[in-house]
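Colleague: Take a look at the following structure, please.
The values are calculated or read from the model by the stated rules, or taken from the named source; none is laboratory data. What you see is a predicted model; the values in this text were computed from it and never measured. All Cβ positions, even for glycine, are placed from backbone atoms using ideal geometry, and neighbour counts span all protein chains on display. The protein model used for the area step is the full one, side chains on, heavy atoms only, and it has no ligands, DNA or RNA in it. Shrake-Rupley method; radii C 1.70, N 1.55, O 1.52, S 1.80 Å.
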Amino acid sequence: MTDTSNVFDSKEYKRSRRAYVIECMFEYFVATLVADAFIAKLLKYFGTSDALCGIISSFISLSFLFQIFSVLLMGRIRNTKRTAIIFHTAAQVLFSCLYLIPFLPFNNGARRAVFIVCILTAYFGNYFVTSLIYKWGSSFVDPHKRGSFSSTKEMVSLFSGIFVSLLLGYSIDKLSESGSPEKGFLLASVCMFVFCAADFVCLMCIKKDSSDGEKKEIPGMREVMRNTLGNRNYVHTIILKCLWWGAVYTSIGFLGTYKQEELFYTLGQIQIINIAGVLGRFLVSKLFGKFSDKHGYVRGIQLALTVAATAFAVNIFTAPGSRWLIIVFVILYSLSQAGTYQNMINITYSFVDVKYFVQAAALKDCIAGLFGFLCTLGSGRLLAVIQANGNRLFGMTVYAQQIQSAISLMFVIAALIYSQITLSHKKTMLQ
């Protein structure tokens, strides 16, 4: 019989934790190549407008709606490992195919359509099992050390991701300058297929979920709703995430083209700036993890939001004449992510029984994702109007991304106030 007090120190648990950390690293590599300047460069190759680039780049928020299937079907999944591997690997393969679209014998309009179908399908497979994989991987982690483990996992991905983004950013730039952007896209796709294969191997190395195969009671939808949306503290975490994602998706998805076209940075330079941000996030990630373990996930989020508010405030003043401020923004925003990303997930453990974690995490992402996408649509419309007026608003010369950053700042301030009023003094669970 296993000594549960030492189970987290067993060889199987240690091996599973290591495999999970490395799997997240390879997943991060792929995510890096379907975000920000990388995906913006691919979309611009198709002749996509800045506004549409921002909207398409933010499809990630709408894709979280696919997690609703997790809520409906999760209780019927008998083999966590097999389900997670099938859907996650299929999604990673589809992401890898995005950079092969330029080779299709279609016009740019048809290529954009194929791109949208592929990326939405990929996100469906990815987010259908996101909460499932997170709970599965985290089940091998001591609850008292979850914050520190999350930060370590993040640090490994960030540090190794520096080299991937720098090398590929530089290589794609050089190939584009030589008149062969298609070769750069092909290189990105090949690398992503390699990352996908390594991700698959890591998932195979994680221990099978101990509850798989057991005959267990399947919670009904009414029971799930009562323990999630019927839980006032959990609803507060949903609203908090909506406010945060309102800030993120109002502006972040529109900065990829802004950096390249209005601020005149090359893809390689953008990656160097991003690396500076990643290094900063790497250095503070462990500190955020320990802070959250000691003071709670709510306090960890509040500290991160304070840094994010500073970042968006700085970006309000970022323009061609002060293009260097984008460096300050990227670094500060990256620092804030060390405290928002993992804590926004882990806070679910504080207020919802672990029995309903997958459904709770999925519901929260669905609702916040829909809100984020609506913010993206409104923000995209704002950008199109300002650009149509020659980058002038109320008679002043201003860029849409500056206005978007101001709106993001208001969202962050609202999130800080809301978290303090509703969650800062609530009793939390350790599970």
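Colleague: Residues to consider are Val278, Val201; find the one that is at pLDDT 95 or above, more than 26 Å from Leu383 (Cβ to Cβ), open to solvent by 10 Å² or more (accessible area, probe 1.4 Å) and of a type in the set (Val, Ile, Thr).
Modeller: After ruling out the rest, the residue left standing is Val201.
Colleague: Please go through (1) open to solvent by 20 Å² or more (accessible area, probe 1.4 Å); (2) of a type outside the set (Val, Ile, Thr); (3) at pLDDT below 90 for Ala361 and return the number of the only condition it doesn't satisfy.
Modeller: So Ala361 meets the others, but not (1).
Colleague: Is it the case that the stretch 210-227 has a residue that's touching a residue at least 12 places away in the same chain (Cβ under 8 Å) and under 25 Å from the mean Cα position of the chain (by Cα)?
Modeller: Within the stretch 210-227, not a single residue is touching a residue at least 12 places away in the same chain (Cβ under 8 Å) and under 25 Å from the mean Cα position of the chain (by Cα).
Colleague: Of the conditions (1) at pLDDT below 90; (2) within 17 Å of Ser251 (Cβ to Cβ), Phe329 satisfies every one except a single condition; which number is it?
Modeller: (1) is the only condition that Phe329 fails.
Colleague: Moving on. Please find, within the stretch 225-266, the residue that is farthest from Leu325 (Cα to Cα) out of those that are small (Gly, Ala, Ser) and part of a helix (DSSP H, G or I).
Modeller: Restricting to residues being small (Gly, Ala, Ser) and part of a helix (DSSP H, G or I), the top hit is Gly246.
Colleague: May I pose another question? So is Ala311 touching a helix residue (DSSP H, G or I) at 6+ places or on another chain (Cβ under 8 Å), open to solvent by less than 10 Å² (accessible area, probe 1.4 Å) and under 15 Å from Ile238 (Cβ atoms) or not?
Modeller: It is false that Ala311 is touching a helix residue (DSSP H, G or I) at 6+ places or on another chain (Cβ under 8 Å), open to solvent by less than 10 Å² (accessible area, probe 1.4 Å) and under 15 Å from Ile238 (Cβ atoms).
Colleague: Now for a different question. Being among the aliphatic types (A, V, I, L, M) and in a helix (DSSP H, G or I) is the filter; apply it to the stretch 385-406 and report the residue that is surrounded by the fewest Cβ atoms within 10 Å (Cβ to Cβ).
Modeller: Ala388
Colleague: Scanning for something modelled with pLDDT of 90 or more, out of contact with any strand residue (DSSP E or B) (no Cβ under 7 Å at 6 or more places or on another chain) and open to solvent by 40 Å² or more (accessible area, probe 1.4 Å), does the stretch 136-152 turn up at least one residue?
Modeller: No, every residue in the stretch 136-152 fails to be modelled with pLDDT of 90 or more, out of contact with any strand residue (DSSP E or B) (no Cβ under 7 Å at 6 or more places or on another chain) and open to solvent by 40 Å² or more (accessible area, probe 1.4 Å).
Colleague: Pick out the one residue from Ser131, Ser139, Ser96 that is in contact with a helix residue (DSSP H, G or I) (Cβ under 7 Å, 6 or more places away or on another chain) and more than 30 Å from Gly47 (Cα to Cα).
Modeller: Ser131
Colleague: In the stretch 253-270, what count of residues is obtained for those that are over 23 Å from Ser408 (Cα atoms) and either open to solvent by less than 10 Å² (accessible area, probe 1.4 Å) or among the charged types (D, E, K, R) (or both)?
Modeller: Total meeting the criteria: 1.
Colleague: May I ask you to list pairs of residues, at least six apart or on different chains, whose Cβ atoms are under 8 Å apart, with the first in the stretch 119-131 being closer than 14 Å to Ala84 by Cβ and free of Cβ contacts under 8 Å to residues at least 40 places away in the same chain and the second being assigned to a helix (DSSP H, G or I) and open to solvent by 10 Å² or more (accessible area, probe 1.4 Å)?
Modeller: Close Cβ pairs (under 8 Å, with a partner that is assigned to a helix (DSSP H, G or I) and open to solvent by 10 Å² or more (accessible area, probe 1.4 Å)) amount to Gly125/Phe87; Gly125/Ala90; Gly125/Leu94.
Colleague: Of all residues in the stretch 162-174 being among the aliphatic types (A, V, I, L, M) and over 12 Å from Leu42 (Cβ atoms), which is surrounded by the fewest Cβ atoms within 10 Å (Cβ to Cβ)?
Modeller: Leu167
Colleague: Is there any pair with a first residue in the stretch 10-21 that is at negative phi and a second that is open to solvent by 40 Å² or more (accessible area, probe 1.4 Å) and in a helix (DSSP H, G or I) whose Cβ atoms are under 8 Å apart and which are 6 or more apart or on different chains, and what are they?
Modeller: Filtered contacts from the stretch 10-21: Arg15/Cys205; Ser16/Cys205; Ala19/Cys205; Val21/Thr152; Val21/Val156.
Colleague: Additional query: Suppose the filter is over 18 Å from the mean Cα position of the chain (by Cα), open to solvent by less than 10 Å² (accessible area, probe 1.4 Å), among the β-branched types (Val, Ile, Thr) and closer than 21 Å to Ile133 by Cα; does Val352 pass it?
Modeller: So Val352 fits the description; yes.
Colleague: Turning to a different aspect of this structure: Tell me, which residue of the stretch 288-308 that is surrounded by 24 or more Cβ atoms within 10 Å (Cβ to Cβ) and not aliphatic (A, V, I, L, M) is nearest to Ala247 (Cα to Cα)?
Modeller: Gly300
Colleague: Take Ser419 and tell me if it is in contact with a Leu (Cβ under 7 Å, 6 or more places away or on another chain), in a helix (DSSP H, G or I), buried (at least 20 other Cβ atoms within 10 Å of the Cβ) and in contact (Cβ under 8 Å) with a residue 60 or more places away in the chain.
Modeller: Yes, satisfied.
Colleague: Criterion first (free of Cβ contacts under 8 Å to residues at least 40 places away in the same chain, closer than 24 Å to Ile407 by Cα and within 18 Å of the chain's Cα centre (by Cα)) does Ala338 satisfy it?
Modeller: The answer is no for Ala338.
Colleague: Filter the stretch 175-190 down to the residues that are surrounded by fewer than 16 Cβ atoms within 10 Å (Cβ to Cβ) and in contact (Cβ under 8 Å) with a residue 12 or more places away in the chain and list them by number.
Modeller: Glu182
Colleague: On to the next question. Tell me yes or no: at least one residue of the stretch 316-324 is touching a Ser or Thr at 6+ places or on another chain (Cβ under 6 Å) and either crowded, with 23+ Cβ neighbours inside 10 Å or within 21 Å of Ser148 (Cα to Cα) (or both).
Modeller: no
Colleague: Take the conditions aromatic (Phe, Trp, Tyr), in contact (Cβ under 8 Å) with a residue 24 or more places away in the chain and open to solvent by less than 40 Å² (accessible area, probe 1.4 Å) and apply them to Tyr333. Does it pass?
Modeller: Here the answer is yes, as Tyr333 does meet what is asked.
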